[in-house]
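Values in this text are rule-based calculations from the coordinates and carry no lab data. Keep in mind that what you see is a predicted model, and the values were worked out from it rather than measured. We place every Cβ from the backbone using ideal geometry, glycine too, and count neighbours over all the protein chains shown.
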Amino acid sequence: MKAFDEAQLVALVTQGDSRAFAELAQRHLPAIETYARRILADETVAQDIAQETLLVLWQRSSEFKPEKARLTTWLHRVAHNRCIDLLRRQKRETTMPSSDLFDHQENGVQEYGANDASDFSLGTAPPTSSSASSDKAKAMDTALRQLPESQRTALVLTYYQNLSNREVASVMNSSTRAVESLLCRARGNLKKQLENQQ
């Protein structure tokens, strides 16, 4: 397929071009899946969220406005909304005692792809062995899971998905200033969580 920019590819998807859709899916599926996995801590559900997000692109591509946001921002917004809806549904359906819920969440964190979190930088030197890397990743995942959902989301979008504060604000339906404040609190809370683990 000839090299098209994303706005052109989306226009082709709007016309039903499956090759353009496949190209966009190849570009964006890994990032959307990674985002959902970091928010939900469940590989299978993250894959489902990523697939649903791409389905929204296929079905509602005409709603994407390239002059308002980058496609990655639009897709992250869709994925974010799906993740939040799922978390709210799970919260409503949860009837187990809080101590059991904490144990369940902790186990879920350890089960999901912890090695992916090693690229989150807190200004520390990189680990020297794969065991140290795995330990650091597990500690990071555990600490992230302890943060409030909004703080975790802001950190993941900023540091893992490499979105700008403005794009994070768009995804989270917030102001840039609110995101900056949220990130400041999140970094402080994350640091405390990591210190408590040592």
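Overview of results
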quantity	calculated
Loop GluC sites (Glu not before Pro), the range 2-85 (other Cβ atoms within 10 Å of the site Cβ: 14 or fewer; DSSP)	Glu67
By average C-beta atoms within 10 angstrom, highest first, the peptides 78-84, 187-193	78-84, 187-193
Environment charge at Gln151 (Cβ cut-off 10 Å; Lys +1, Arg +1, Asp -1, Glu -1)	+2
Evaluated over the range 1-93, the Cα radius of gyration and Dmax, each in Å	13.7, 48
From phi via Karplus (6.51, -1.76, 1.60), per-residue ³J(HN,Hα) for the range 148-153 in Hz, x at Gly/Pro	x, 3, 5, 5, 4, 4
For the range 1-93: relative contact order, % (alpha-carbon pairs under 8 angstrom, 6 or more apart)	30 percent
Net charge, Ile84 excluded, C-beta distance under 11 Å - Lys, Arg +1, Asp, Glu -1	+3
